[in-house]
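To keep things clear, I will list the structure first and then write my remarks on it.
The values are calculated or read from the model by the stated rules, or taken from the named source; none is laboratory data. What you are looking at is a predicted structure, and each value in this text was computed from that prediction instead of being measured. Every residue, glycine as well, gets a Cβ built from its backbone with ideal geometry; the counts of neighbours run over all protein chains shown. Please note that ligands, DNA and RNA were not included when accessible areas were found on the heavy atoms of the full protein model with its side chains. Shrake-Rupley method; radii C 1.70, N 1.55, O 1.52, S 1.80 Å.
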Amino acid sequence: MTSLTSPLQLGFLASHGGSNMQAILDAISAGRLNAQARLVICNNSQAKALDRARQVGMPALHLSSTTHPDVQESGESSGQALGQALDDAMAEAMGAHGVELIVCAGFMRKVGKRLLAAYPNHILNIHPALLPRHGGQGMYGIHVHQSVLAAGDKETGVTIHLVNNEYDRGPILAQAAVPVETGDTPETLQARVLRLEHILYAETLQKIAMGEISLD
Ligand code: GRF
């Protein structure tokens, strides 16, 4: 999988709210992003991202260790590697829906080997900090912003990077900074960063669509 078509054929992986996915769907509707949303896969049957997709008639699948149990599977804690049956099912579903670029949007599990092999350099993730700072296992959600404040950083931001087999370590495609303000709590910082996430993800995808960012 190397060449991309026009419009970009996107698949999403999400676990919870899906506000980043929504921002990308909105950018497509508004003509700011030349892409088609083909599928979202959620490992959480209650994910709001599933509802958001169904509202716009986009295929939405719940695939998890419940639907695809593995012998060695022992639950769904955050960041845990995917079991092989689930990894296989996800790769097959993405392929069957014609997905050529996978957008992780708040996906709380490590992407599986099979999916990585099927989409080399074609899986993106967004991280709510300026990687390599405040990344790695356990650095998700509010923990990231707590870490920024504890470190006394004067700025934080958003990183969009390619996914490889190490947490938050794939090549960086785009970054944008957000100031840390006096009196910030993890929650206020999270909200400010999330607003920028919603802009930067769609902008970065459009640069990929335009060939301004190459994934090969
Ligand atoms: C975002 O902060 C994103 O950076 C991180 O998880 C959060 C997902 O939010 N990976 P949402 O589900 O897109 O609302």
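Before moving on, here are some points about what is shown:
- Here the simple spin-label model places points 7 Å from the Cα toward Cβ, and for R195 and N165 these points are separated by 4.1 nm.
- Counting only whole DSSP H helices of the chain, the ones at least 24 Å long by C-alpha along their axis and with mean Kyte-Doolittle hydropathy no lower than -0.5 are 186-209.
- Normalised by residue count, the stretch 102-216 yields a Cα convex hull volume of 89 Å³ per residue.
- Among the GluC sites (Glu not before Pro) found in the stretch 173-216, those both in a DSSP coil and sparsely packed, with 12 or fewer other Cβ atoms within 10 Å of their Cβ, are E181, E212.
- Residue-span extension gain [A150 to Q175] - 0.36 nm each, minus C-alpha spacing: 6.9 nm
- A simple spin-label model places pseudo-atoms 7 Å from Cα toward Cβ; at K113 and H62 they are separated by 2.9 nm.
- All-pairs alpha carbon distance profile, the chain, 5 Å steps from 0, percent: 1, 7, 16, 20, 21, 17, 11, 5, 2, 0
- Prolate/oblate/rounded call for the stretch 1-73, Cα gyration tensor, a/c under 1.5 rounded: oblate
- A simple spin-label model places pseudo-atoms 7 Å from Cα toward Cβ; at N34 and E203 they are separated by 1.9 nm.
- Amide H within-cut-off set for L61, under 5 Å, with H built and near neighbours excluded: V40, I41, C42
- These residues, V56, V163, go from largest to smallest accessible area, 1.4 Å probe, as V56, V163.
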